[in-house]
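Notes for the one structure printed next.
The values are calculated or read from the model by the stated rules, or taken from the named source; none is laboratory data. Bear in mind that the values here come from a model prediction, so they are computed numbers and not experimental data. Cβ atoms come from the backbone with ideal geometry, glycine included; neighbour counts cover every protein chain shown. SASA here: full protein model, heavy atoms, side chains in, ligands and nucleic acids out. Shrake-Rupley method; radii C 1.70, N 1.55, O 1.52, S 1.80 Å.
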Amino acid sequence: MFKSILNRVRQTVVIGLVSISASHVFAAIIPAPPQLAASSYILMDANSGKIIVANNEHEQLPPASLTKLLTSYIVEEEIQDGRLALTDVAHISKKAWGWGGSKMFVKVDDDVSIEDLLRGLIIQSGNDAAISLAEHIAGSEEVFADVMNQTAEKLGMKDSHFMNASGWPAKEHLSSAYDMAILAKAIIDDHPEFYPIYAEKDFTYAGIKQSNRNTLLWRDPSVDGLKTGHTESAGYCLVSSAKQDDMRLIAVVMGTKSDDAREQESMKLLTYGFRYYETHELYKADTALNTSRIWAGSQDTIDLGLDADAVVTIPRDSQSKLDASLQINPVIEAPVQKGDVLGSLVVKMDDEVVYEKPLVALQDVEQAGFFSRIFDYIALFFHNLFN
């Protein structure tokens, strides 16, 4: 229904205004977001990146075993890029075998598959698995920590600094609810083939069956990830994600008082988001939103569109308030390469910008021949003179 509304457009001569019209709909009542018993928290739409609820989301806090999400992301990245395979084996060091905390119970000097270690990391939250993977990839956990920090910077995790692969308490080992939401989104978007592992409820290794510590997997069938964390300094933390219809949400709570509390506070966020917000795909990537005049080119027109799908998250039943406009460069001259920025798409709701992205060329246009260019430059002179 919403896509058909967006197809009814009108374009002005000056800026290519796209007007979204809809029959009158009474807007839903949107209550204030819940206040949680947590040090920091955030609720993000995974598709649009919209922050729906947040409190102290940039506060640097000990992430505990939420750290293992970055470790698993790096492992998945290594596999995706062909530098590692699930069937490869890692040799278990004395350090990994003897480390304290949660374990998958690998044995020193054993050779364990990357696939088993990845499950032991995600499902069983094994510190031994985290160290083994770090040593296999980077040679030592210290070097792997540098890989972690470079990866975090690449992902835009500006509040984070990592000292180890497991989340073992260290003075300078810190992250934030915002950064953990960014990381969860990256895991979901960049490595979808591995994401089902985060929903697995148990894993058995060495004859020892352990359950996933994310108890939301049993409580709500829409929840399918991601990871818990707990230390005395961090409190009880949880990064969770759930999908209902086409809407996926990511919730992060840090510094709650108990296992039950992190579950309950996370559910408050997810319930609020699904009940009072909705996500819409406005326009598809690589679809012409405007055909503009191009001067001195091998063709007279050029198609303009987006290089990624336009997705917005808005209060439920408020789509009639959306207004979109194309702001296009007044003069476009060849040569133009596909992807060149030639304007912007701006979507507003009640004069507030809810979405803004560059408008790009959807094809290459070469320069015309000499005489055609001269003719176009003369025509452009008079076009500018009278406009």
Number of the condition not met by Val106 [criteria: (1) buried (at least 22 other Cβ atoms within 10 Å of the Cβ); (2) touching a Ser or Thr at 6+ places or on another chain (Cβ under 6 Å)] | (2)
Looking for whichever is surrounded by fewer than 22 Cβ atoms within 10 Å (Cβ to Cβ) and assigned to a loop (DSSP other than H, G, I, E, B) here; the options are Lys185, Lys158. Which one fits?
-> Lys158
When both residues are 6+ apart or on different chains and their Cβ atoms are under 8 Å apart, which pairs have a first residue that lies in segment 139-153 and is free of Cβ contacts under 8 Å to residues at least 12 places away in the same chain, and a second that is surrounded by 13 or more Cβ atoms within 10 Å (Cβ to Cβ) and assigned to a helix (DSSP H, G or I)?
-> Ser140/Ala134; Asp146/Ala138
Tally the residues that are closer than 29 Å to Lys243 by Cα and either over 22 Å from the mean Cα position of the chain (by Cα) or open to solvent by less than 60 Å² (accessible area, probe 1.4 Å) (or both), restricting the search to segment 289-314.
-> 8
Counting only residues in segment 340-367 that are open to solvent by 80 Å² or more (accessible area, probe 1.4 Å) and outside any strand (DSSP E or B), the one farthest from Ala324 (Cα to Cα) is identified as Glu366
Pick out the one residue from Gly100, Gly120 that is in contact with a Phe, Trp or Tyr (Cβ under 7 Å, 6 or more places away or on another chain) and small (Gly, Ala, Ser).
-> Gly120
Mind checking which residues of segment 54-73 are among the aliphatic types (A, V, I, L, M) and open to solvent by 10 Å² or more (accessible area, probe 1.4 Å)?
-> Ala54, Leu61
Answer residue from segment 320-337, given it is assigned to a loop (DSSP other than H, G, I, E, B) and open to solvent by less than 40 Å² (accessible area, probe 1.4 Å) and is nearest to Met349 (Cα to Cα) among those | Ile332
The condition of being free of Cβ contacts under 8 Å to residues at least 12 places away in the same chain and under 25 Å from the mean Cα position of the chain (by Cα) holds, among Gly120, Gly82, Gly98, only for Gly82
Which of the residues spanning segment 158-181 are in contact (Cβ under 8 Å) with a residue 60 or more places away in the chain and of a type in the set (A, V, I, L, M, F, W, C)?
-> Phe162, Ala165, Trp168, Leu174, Ala177, Met180, Ala181
If we ask which residues in segment 188-202 are more than 15 Å from Ser65 (Cβ to Cβ) and either touching a strand residue (DSSP E or B) at 6+ places or on another chain (Cβ under 9 Å) or among the hydroxyl-bearing types (Ser, Thr, Tyr) (or both), their number turns out to be 7
Restricting attention to segment 194-212, which residues are open to solvent by 50 Å² or more (accessible area, probe 1.4 Å), in a strand (DSSP E or B) and within 18 Å of Ser113 (Cα to Cα)?
-> Asp202, Thr204, Ile208, Lys209
Only one of Asp317, Asp286 is open to solvent by 10 Å² or more (accessible area, probe 1.4 Å), in a loop (DSSP other than H, G, I, E, B) and touching a Phe, Trp or Tyr at 6+ places or on another chain (Cβ under 8 Å), namely Asp317
In segment 118-136, is there at least one residue being closer than 21 Å to Ala46 by Cβ and either touching a Pro at 6+ places or on another chain (Cβ under 9 Å) or charged (D, E, K, R) (or both)?
-> no
List pairs: first in segment 256-267 and closer than 17 Å to Ser65 by Cβ, second modelled with pLDDT of 95 or more and aromatic (Phe, Trp, Tyr), Cβ under 6 Å, 6+ apart or cross-chain?
-> Thr256/Tyr236; Ser258/Tyr236; Asp259/Tyr236; Arg262/Tyr236
